[in-house]
Each structure stands twice: as structure tokens, then as C-alpha cells.
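Have a look at the structure below, then the notes.
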Amino acid sequence: WLILSAKENLPNNYAHMNIRTFSLPYVSLCLAGVAVHSGGVKYADSAGGFSYEDSGKLLSVTSNRFIHWSTSGDTVQFVEQSLDTNLLNNAVRLRIPNCLLLPGGVCIQETFNNVIILIVTSQSVHRLVLPHPSHMYRSVSVWTFSIFTDIGKLNLNEPAHSYVLPFAQGTQTSAPSTSAAWISHQGEALFALASPSGAITVVTLPAHDQDGTVSILELKQSSMMQRLAGWMPTAIRGDQSISDLAISLAVHQLEDDTFIFALCQDHKLRMWSLKHQMCLLVTDMLDYMPAGRGEVKASPAQAHKLRLFFSSSIGLCLAIYLAVPKRSQFCVLQLVASENNRYSLDHISTLFSTQETLVDFVLTATDIWAVWLDNDNQTVAKYISFEHNTTGTWNQVFVQPSPEEEVHVGEDQDPREIYLDVLFSPLRFTASAIIKALQIYKRGTERYSDLSWEELKKEVTVTVENELQGSVTEYEFCQEDYRLLQVEFWSKFYACCLQYQDVLSTPLALHISPATAMVCILKKVTSPSLTAGRLHLVEVQKVFPSVISGGLLLDSEMSHDILQLVQCLRMVNESLPEDMAYDMEKALEDLLSPEKVSEKVLEGLLASDNGNVIQDIANKLQDINNPIVAINMLLRELDLETDPLRVRISLSQLYGSSVAASLIGQAVCQTAMTRTLLCRDLLILQQLYLRIGNNVSSAQLLQLQQDFIPRCSNLLCTYHLLKQMSLTLSSSVPLDILNADLQHLSVLELSDSTTPTSRRSVLNPQTVVELFYQNVARKAIMSQIFSQQDVEGNQTMLHWPQMISSVLTLFCHWPSNPSFLFPECLMVNCQYAQLQVRHQLSLNCSQNCSRSSKALQCFQEAAAEVDKEEFLMKLTGSDEEAATATTPRLLYYNKVLRLLEDIGLPELVVNLATLAISEAVNDERCQAALWTRIFKHHLDLGHNSQAYEALMQNPDSSRQLDCLRQLVVVLCERAQLRDLVQFSFVNLHDEVCQNIEIDVQRLNFYNITQSFYLYERPGTSPKRNYDGEFAADPVSQQIDILELKDLEKEYVLARSRLTLAQQEPPSAAIAGGANSQEMVALLVQTGLFDTALTLCQTFNLSLTPVFEGLTFKCIKLQCKGDRDQTEVWNWLAANQLPTVITTKESSATDEAWRLLAHYLEKYPSQNAQYHCCVINKLLSHGVPVPDWLINAYKEVDAAALLRLYLNYDQLESAAELVLEYVDALLGKGHQYFGIEVCSLTTITI
């Protein structure tokens, strides 16, 4: 079942769309010659749908694609939807001023090349010719263009598209009452309008690709057909009765004729032949009423409805709804043809309906589907078989219920949080209802058109809280009084939202796709996308698919037992008070035992059983002959055990759109809600069985206690989890964080992990279930459904009831599925809070919630299940490091250690590696690798003693020497010489000496080796060995002699490194091995210009990089403006600024320019080359050169400045400079160019 919005449907290209940006393309069609009507007849809002002929074929371009529309006054809105792909530009709103849309005034038909839309209004008819999807550009992505993409290019005023009715230009009393439209086999557009006089006027437009004239025909009771040039007034004609007025029209085309069926106010059905221009059949529908015909005949019909259904197997069938107070009924008739163009109607069945108000109904080959509004204005959907239903019982269909009338707030809960969770959770309230309630609550003072979903939530919070604060007159409140006041105001706003939600959810029409059997309810306003409820029949049909598909496949005794059992469950549900139901829900959320809580609930029911309800249930249980078998069958149908979803191949784009994800997510939620309540009531009922013990043997009671109750308890928890995930919104995560998270998970080498994509809308937030469906589950489900079918061709038919039932059945398995698909999907998409709700293993979840120790505990617990858990087996099975480990558990530890290292948690690496060593007792290679890991991370953390111990424990001599070399180097670089000389280094003295000698040459730390010998080997020295004998002569080595200036350079370089590390700590690692030129670049990048200049002068380097770097920072500041400049002031403060100007407030940008001017003045150069490089940098970035800089440079080298202007096409500035220079040569302003004037005619440059 689908519930489609008829007035508010977001286009599917709504990524990051808010309420302001959502506006349908609006087309206004103003027709010449249309009369302006001030009042009169008004038509009710209506809606309808159209499904493509090939929408049921798997690989068709129109697979699962349909159009629905709604009318209101002079406006009609069209929306095209697809369950497979997201459609771009898929909605349009068309307004025809002063022309009201007639009932039945919209018809959509498809041809080979086009989709044709016919529209009938009170004064005009219209035809829109749009391209067929099969002839449009087909995208291979998830996005596809809708047929409405180029509708704005149509000239709707052309004769091929619009025609003003000449006979309807009178008063509103001459307006047609109803209409019908269709395309003939020749491509003509025909419109049938029921005039107030009882006649039927047929307007024919020629085919859109052919020339021709418009013809108007009138079908009258006189059986004459007359071609009209205008409209003859009723007073002149006078041969028609008001009782002949048609209130419902339907059309059926034959090969050579067209039948127009008219259900009239006199309760008669008339069939007109368009070819023979005559009425072929008149049937009084009151003849099919069993009683009360006279009373009904006296009053004209107002709400009768007519529907047709045709198939080659059964022919043409008609269904007529007779809207009679307290005696409404459906009559199903079959048209029978005889010789000489004589026709009759055979009566098939008469079906009596309930007393609700009928909204719409549809006739199919076997059933009548109908939608009503009950006395509480709630939507009621039912269907009935008109051929094989002997009892006349309607089957009620489960549709999306209205939100709860009251919200339960526990004593320990915040009323604001509880009401906000209910208002903004999926399946409850639409944005339209909340906005309207907000406007009324604030007395209509503001309009909200620029709010996202989160902003709307914040606005509601502020509004209600302000209203509450404004009503408070006392300054002090006790906590309980304030809580009651909160409940009062929030319940008031909630009631307002509830009222608007009910109004906007009014159903308008019913549509069934002939190709897929998909049933759609079209409502005024629902959620900004498709919503759905899974088809559930009442009572036992909610659980047993065999009943839904037609008839119990059980013996009569078993059927009786199951029916009795389900009736008992219904009695338990009705007797359960609200507070006890809340206690059960709260216990499930708190992970308490459902069995113990159900016992307490039963005790409460027994204690408060004033109406003897529990006794009635107990008595009814006596009627069940074999309760254990009945309960077992019920649990089996509720059980979710199945084969895991292992297959992961893409199957086209079936059900891959955002619309389908929303639909399936909400259908899953409705299924979980229903089954949660069913499991809860069954658990309580089984506890009652244990109490009374009647009709059950002791062995059966034992089975009930040890088998059935634990199974039911587990199912209750599972369905509750499924419901919670269906109601939990996914978090909005920036794409860069998604990519970073995916990079971390890539360490696990999960080849089937999906790339995260952002698909949520801020106005229509995505639930966790929808996220999982789109990213993972859809492919697996479709692969499993079609694994036994040939999907290469497009002959596979998509039967919606079967498909959605299969999808939901498979999708609901993931809570109990042994695979790790769902948690993996949440990890990839950074849904850490949602993953915590599910209570599943996740490093990222714990780590991002600042609980790294909890993550380590989870990993340790998971290691015990590595041989049993499918996900963990897959994680370790394909590892390339399998050759280095002997057990799967060691492979698991290896993967996790790599993940921890990639994220940057060295403490956890050490702890887990230490634990893993105990698993590698007989594997020296693994032990060596683990000890090496422990050594490395201890050394990085500064744990020198622990690093030394790990080094000494390493069984691999080559790895041990590598670690020893690294230990000596690091400790020498850190100047931690005491730690180095205190370690004993058993059996490694010679190796230590060799490494120290290498470091002595590199770091000039002669005292290191001296200290080591003196501390480790008393009595020894580099010249004598341990026995006091002279050691061998050392190998001759080159000696570098350093002068004072060399030491000074090294000191300045080291000082620069220290300054850089203090100013920019992340750069310390890079600066350690950088030479003088590299250090200048690093210092300039960090903003340490004083230090960079000092370093350049010390090493005789050019200052050009410094001036270019400072100039570039000035350019960035100039373009950035006066935004956050905290970082700028930080690097400015690190330099010696010139005297600060105190006469006015100075910005960071001004100070940077002043610093540049100061450097140019302080460090002069030959021919002002630094001025030149600064100006060149400014001109290359298109930044105007400051006047002070131009004046300083042209005084030194005006020619070079002119060349710069010309190089960067600054012709105007170049011309001004030349003119100024000429004036200077003539003695005017010569001092600005450094020119000395000797006399009026003698000029020295």
C-alpha cells in the first residue's frame, strides 16, 4: 500500500533542500475569451493516478514508474514518481485562471512516442503532449529526467494544446457537472462534459500532429446527434429533464465505437454510442436494491459513483456505488452484447457497505477496493471479492494510523524532550502540519518559509518555551509544578499539530496499478515523499500469509484454535492499561528481561481486574483444543530465522530510489510496530497459561516455560529493536568525515564496504533503516529474490503485493541475522550514536564517544567468538598476513592492531598486543612481530624502560638488533643518556657499542660512549678492554674541524627550529632535518619573518622568498577582509612590529602592510630589487599596488616600474607614469623620481 501526497510532494532531487528552496515549477495559462465568474458552482478537490503500461516489467525504463495528480479550484498539480530511480524536475503546478477543474477532468494516456495529458475545466479543454520516457535520455546513475523536465517550453496557448468552450461562457449555472476524457485510436483527444440540462457534450480535438478543426457533438435523450456551432440555451430546447443530469461518467473504447456510460440523478445508468449517436441502454439501478426503492427514488442522487474494468478474459464489468443513507451498496454488472447492437447487463453481485463516507473505489478483475472516512475522520481501507464472497465480509487493510491523541510522559522524563521526539519522529507529523500549528500558536504573526527540519524543531522549542515563560506570574516554582506546566503547554501545541495533521491527511482518491497491482491512497497532504503501511488484514490475517493469499491451508480444528488464540490476544491488548504498556516499552528500552516484566504486568492486570476481563480471557482459552500447537505455529510465523543475506550483486536499479527507500523503511516500521504488540500480548497470555494451567498438561507447561516463552521474549526484543531503528533518524555527517572514516575502515580490507553517500534531505530526514536499505540491503534482497529467475530479458513481471511482501520479509531478518551487514553500514556512514543504540561491537562508536577502554573490552570479548561469528571469519579469512599466523584469532588480532594504529591509539595497541602474545605461545614469528609492535609504541610514548623490556623479550635476533639500533638513536636524539647507560643490555654490549660509536660520529656526543663504558664496565675505557689490556687500534676516520662562525650558523639554525616548533608544533617533525633554505620556507609559511630574515643573513641567502611570502599574506588579508583574524595577530605578534599607530584603530591587515613597508626600509637592496619582487607579486595576483610602494620604487627605478606595468597590461597606469616622468624631466615633480634639475634647460638624471 502506498499513501501518496496529493498536494505536497517534494521532487526527488531534493538533496540539502529546505522549505524555502522547495517550490514546484509554476505554469499559469491565461486564456482569451474566458469569462470571469464571481461565484456559483464549486467542485471538490480531487486526485488520480496513472501507471505506465510496462511499469511491471523488470528492466523497462518505466519500471515501477507512475504519475499522480491533484486538483484544487483552477489549479492542477502533477508529480511523477519512480521506485527505481530518482527523477529530476518531476513535478509541475498548472493554473488556469477562472477555469475550475471538473471531477474526472484529468486523464493521462501513453502512446509509443508520447505521454498525453488531457484536462477538462468549466470553460476549456487542454492537451499536453510530453515525450515518453523510453524516448528520453537515459542516465546510468540513480538520477533520471522526468517527462515534466521541459514542460515550460510548451506554448499551451496554441490551438493544439488548448480550446475555449464556446457554450460554457454563461453563468455558473451552465457549468458542467462532471466529465471524462480519452484518446481515440486515431490519436484524437475527446472530452465528454455533462451539461446541467442532462445532455452530454463531446468535444473532439484533432490529433496533435495533424491539421484539423474542433468538433462539438451533443448526445441527447432524443437519440439524435447534432453538430453545433454554439450552445443552445436550455429554455429554447426544453426537451431535457434535470433528473437526466449525469453525476458520474466513464468511457470504454471498442475497435470501431466508443461507449459513454452516464450514471444520472434519476438513479439510472445510460450507455451512449458515440458512433451511432444514440443511447443504447438504460438501466434503473434501484431495481437492484432489495428494499426502500420508493423512498430513494423520490430524492435525486448526489454521490453515486461509477467505475469500469475491462479484460480480454472477462469482458467489460461495471461497478456502481449507490450512496443511500443507511443502505449504501455496490452493484457489479457485466455488459453482454447480442445481435443488432443490442446490449444488456448481467448482474454479478450486490455488496453492502458499511456506513462510513465513501471517498473513492476501484474495480479490479476479482475485487472491489474502497477508501472511506469514518465518523472520527480516520481513513478506512477495505477490499472484497465480488464473486467468491458468500458472507459479504469486507477485508480491512492496515493503513498508516494517525498519531497518538495523548503523549505519555514519565515522572523521570523531560516533557519537552518527549514531545519533540514524538513531533519530529518519522511516520507521525508532516512539516506542513507543524508549520500551520506554529503559525496558529503564535497567532499568525509570522510566516515560516526559510527553515530546515532542525531549524523548525528549534523554532517550535523556542515558541512553546516563550509561551510558557510568558504565562508564569510567580518567581519561584517547585520542580513538580514546573513540570506540570510544561506538560500543559506542550500538550496544547501537540493538540494543535494533531488537528492540522488530521485535516491534511484527508484521502482524496484511490489508484491501483494494472501492471503491478500496487494500491495507492492519494491524500491531501502527507509526508513530503511516499509513505506506506504493509498490507495487514485484521485478526489472524496479520500473521498468516496463507490467509492473505486466499484461504487457510490448515485443517478446520487448527484454524479454529488459531482464531481463538488471536481473539484472546486482542482481548489482552484491549485490557492493557496505558501505564502498563508504557512499563513494557520502557523495560525493552532499558534491556530488562521481558519475561520478568510480563509477569509483573500480569500481576497488575489480575489485581485490577474489576471487569473480570482476565477471567473472560481465561474462559476463552478453554475453547482452544490444542493451545501448544497453536502458539507454536504463531511463533513460527513470527520467527525471523532464514538464510543470511550473503549475495551482493547489483540487480539493475530495482526499488533503488529515495522514494522506495522511504516507502520500505516506513513499511518496515509499521510491520515492526504491529508484531511488537503481538509478541507482547502473546508473552502476557503465555504467562497467564502458566498461572491457570487448565487444558494443558504438565509436559506442555514445561515446554511453554522453557521453549515458547524464551522464544517469544527474544522475538519481542528483536521487533522492538527493528521498530527503534525504523524510528531513529540518521545523523548528518560531512563528506570529509565520511571519507576519513572510510579510510580508517579500509585497514580491515572489506572489499564489499560501500562508499558513503549523502542522500538525506534536511526537510525529509533519512532514518537508519532507509540508510541501511539504500547502501547495503537493497542489492542483497534483490539478488536473493531473483536468484532463481532469468532477469536478462525484460519479461519478468513485478507484482507489487508479492514483491513488497518478499522485500519486507527479507529485510526484517537483519536483527537476528548472523551477518554483520547492518553494524558495518553504520560504521561506514559514521552513525556512532545509532550503533550504540543497537548495542553492537564497534571501535569507531566507542572511540568517537571517548570510551577507548570500552572499545578494547569489546575487541577482547569479540576475540572469543572469532571462530563462530561470520563477519569475524570473513575479516580474518582473506588476510594477506595469513602466512605469519597460525590461528584465526591471531589474524583477528593482527587486523585490529592495524586498525588501532591507523586511528592513532598506541596505548590500546600495547594492551591488545600484550594480550595477543598469550595466544602465540608456539609461534615465534608472531611473537617477534608482536614484541616489535610493543617496543615501537612504548618508545614512541616515552616509556623507555618498557621499550627496553620488550626489546629483550623479542625472540628474533634480527628484529632485536633493529629495535636496539632504534632505541640508541632515539635516546641519543632525546638526550636521555642516563636511561641509555643504565640499561644492562645482557649479551648485547658489543652491538650497543657499535651503535653508540655511529651516533658519536653523527651527533658529536663523545661523552656518551665514555659514560657507557664507565657505567657499564668499570675499569674499562675506549683504550683498554675489560682485562686492562690495550684494545686494537681504532680505524682511522675523517675529522671535521669547525670554526666559530660555523658553530654560530648551526646555533642560528637550531634556534630557528626551536622557534618554529614553539609557534607551530606540527612542523617540528619536518624542521628537524631541514637545511637552511628549507627552514626559510617553513618560517615564511608560518609567519616568522624576523627569524627567516635572520637566518637568511646568517647563511647569506637571498631575502626575496621572505618578501614574496609576506606580500602573499598581505594579499590574502586584503581579499579576506576583517573576518576572524586571531591567527593573523598571532604571527604578527611573533615579529618585531614598527611603532604602533595610536591615533586610530589599526586592523591586522594594516599592520601586515606596515610590517612589509618596515622590512623594505630596513633591508635596502641594489636597484630596489625587493621593491620589484613585491610589486611583481601584487600585479600577478591582480591586487592594486599601494601608493607608498609606487612612490618608493619610481624614485629608484622608474623604467623597471614601467616595464612591470606593461608586462601585466596595466596600460593606464603605465601612461600616467610616463606623463609624470615627462613632467619631472621638465622640472615638475622631479624630486619624486630622484632627478636633480641644474637649470631650466639642463637636466641631470
Requiring at least 1 residues that are surrounded by 12 or more Cβ atoms within 10 Å (Cβ to Cβ), at pLDDT 60 or above and of a type in the set (S, T, N, Q), the strands (runs of 3 or more DSSP E) wholly within segment 211-263 are 215-219, 246-253
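If you check S491 against the conditions, is it at pLDDT below 85, more than 21 Å from K523 (Cβ to Cβ) and open to solvent by less than 60 Å² (accessible area, probe 1.4 Å)? It would help to see each step written out before you state the result.
Working: at pLDDT below 85: no; more than 21 Å from K523 (Cβ to Cβ): yes; open to solvent by less than 60 Å² (accessible area, probe 1.4 Å): yes.
In short, no.
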Identify, from the list E1212, E1161, the residue that is open to solvent by 30 Å² or more (accessible area, probe 1.4 Å), without any contact (Cβ under 8 Å) to a residue 24 or more places away in the chain, closer than 15 Å to V1106 by Cα and assigned to a helix (DSSP H, G or I).
E1161
For segment 137-161, give me each residue that is in a helix (DSSP H, G or I) and open to solvent by less than 50 Å² (accessible area, probe 1.4 Å).
I151
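Residue-by-condition table, conditions (1) of a type in the set (S, T, Y); (2) farther than 20 Å from A517 by Cβ; (3) modelled with pLDDT of 90 or more:
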| position | (1), (2), (3) |
| --- | --- |
| V36 | no, yes, no |
| G40 | no, yes, no |
| A47 | no, no, yes |
| E53 | no, no, yes |
| K57 | no, no, no |
| S60 | yes, no, no |
| H68 | no, no, yes |
| T71 | yes, yes, yes |
| Q77 | no, yes, yes |
Tally time: how many residues in segment 499-511 are buried (at least 21 other Cβ atoms within 10 Å of the Cβ) and either out of contact with any Cys (no Cβ under 8 Å at 6 or more places or on another chain) or part of a helix (DSSP H, G or I) (or both)?
6
Is there any pair with a first residue in segment 593-609 that is surrounded by 20 or more Cβ atoms within 10 Å (Cβ to Cβ) and a second that is of a type in the set (G, A, S) and part of a helix (DSSP H, G or I) whose Cβ atoms are under 6 Å apart and which are 6 or more apart or on different chains, and what are they?
P594/S713; V597/A587
Here are some conditions: (1) on the phi < 0 side of the Ramachandran plot; (2) open to solvent by less than 30 Å² (accessible area, probe 1.4 Å). G294 meets all but one. Which one does it not meet?
(2)
Would you pick out the residues in segment 915-924 that are in contact with a helix residue (DSSP H, G or I) (Cβ under 6 Å, 6 or more places away or on another chain) and either within 17 Å of R898 (Cα to Cα) or part of a helix (DSSP H, G or I) (or both)?
A916, I917
Residue pairs qualifying under the 7 Å Cβ cut-off, at least six apart or on distinct chains, with the first in segment 377-398 being within 18 Å of C520 (Cβ to Cβ) and the second being assigned to a loop (DSSP other than H, G, I, E, B) and of a type in the set (D, E), are V380/E356; V380/D374
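Could you check segment 109-136 and list, in sequence order, the residues that are closer than 30 Å to T178 by Cβ and either open to solvent by 10 Å² or more (accessible area, probe 1.4 Å) or aromatic (F, W, Y) (or both)? Walk me through it before giving the result.
Filtering segment 109-136 down to residues closer than 30 Å to T178 by Cβ leaves 109-111, 114-130, 132.
Listed by number, the residues that qualify are Q109, E110, T111, N114, V129, H132.
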For segment 970-989, which positions are more than 59 Å from the chain's Cα centre (by Cα) and at pLDDT 75 or above?
R978, V981, Q982, F983, S984, F985, V986, N987, L988
Top-ranked residue in segment 45-75 [being part of a loop (DSSP other than H, G, I, E, B) and of a type in the set (S, T, N, Q); ranked as farthest from A509 (Cα to Cα)]
S60
Is there a residue in segment 335-350 that is touching a helix residue (DSSP H, G or I) at 6+ places or on another chain (Cβ under 9 Å), open to solvent by 50 Å² or more (accessible area, probe 1.4 Å), under 28 Å from G292 (Cα atoms) and modelled with pLDDT of 85 or more?
yes
Collect the residues in segment 949-988 that are closer than 24 Å to E924 by Cα and among the acidic types (D, E), keeping them in residue-number order.
E949, D956, D962
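Can you go through N1207, N1191 and tell me which one is touching a helix residue (DSSP H, G or I) at 6+ places or on another chain (Cβ under 7 Å) and open to solvent by 60 Å² or more (accessible area, probe 1.4 Å)? Before the answer, list the steps.
Values: N1207 fails: touching a helix residue (DSSP H, G or I) at 6+ places or on another chain (Cβ under 7 Å).
Going through N1207, N1191 in turn, the sole match is N1191.
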Could you check, for segment 892-908, whether at least one of its residues is modelled with pLDDT under 75, within 30 Å of L971 (Cβ to Cβ), open to solvent by 60 Å² or more (accessible area, probe 1.4 Å) and part of a helix (DSSP H, G or I)?
yes
Tell me which of these L704 doesn't satisfy, since it passes every other one: (1) open to solvent by less than 20 Å² (accessible area, probe 1.4 Å); (2) modelled with pLDDT under 85.
(2)
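From the list S958, S945, which one is surrounded by fewer than 17 Cβ atoms within 10 Å (Cβ to Cβ), over 14 Å from V896 (Cβ atoms) and without any contact (Cβ under 8 Å) to a residue 24 or more places away in the chain? Break it down into steps so the answer makes sense when it comes.
Details: S945 fails: without any contact (Cβ under 8 Å) to a residue 24 or more places away in the chain.
From the options S958, S945, the qualifying one is S958.
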Which condition breaks for L1156 when tested against (1) surrounded by fewer than 14 Cβ atoms within 10 Å (Cβ to Cβ); (2) touching a residue at least 12 places away in the same chain (Cβ under 8 Å)?
(1)
I'm told Y383 meets every condition in (1) part of a strand (DSSP E or B); (2) closer than 30 Å to C279 by Cβ except one. Can you identify the failing condition by its number?
(2)
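Yes/no per residue for (1) within 30 Å of I435 (Cβ to Cβ); (2) within 29 Å of the chain's Cα centre (by Cα); (3) modelled with pLDDT of 80 or more:
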{"residue": "P514", "(1), (2), (3)": "no, no, yes"}
{"residue": "V525", "(1), (2), (3)": "yes, yes, no"}
{"residue": "I548", "(1), (2), (3)": "no, no, no"}
{"residue": "L563", "(1), (2), (3)": "no, no, yes"}
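Suppose we filter V1174, V1196, V1183 for residues that are among the hydrophobic types (A, V, I, L, M, F, W, C), in a loop (DSSP other than H, G, I, E, B) and either closer than 18 Å to E1108 by Cβ or open to solvent by 70 Å² or more (accessible area, probe 1.4 Å) (or both); which single one remains? Before the answer, list the steps.
Working: V1174 fails: in a loop (DSSP other than H, G, I, E, B); V1196 fails: in a loop (DSSP other than H, G, I, E, B).
Just one listed residue meets the conditions, V1183.
The values are calculated or read from the model by the stated rules, or taken from the named source; none is laboratory data. Model, not experiment: these values are computed from the prediction. No Cβ is skipped: glycine too gets one built from the backbone with ideal geometry, and neighbour counts run over all protein chains shown. All accessible areas refer to the heavy atoms of the entire protein, side chains included, with ligands and DNA or RNA removed. Shrake-Rupley method; radii C 1.70, N 1.55, O 1.52, S 1.80 Å.
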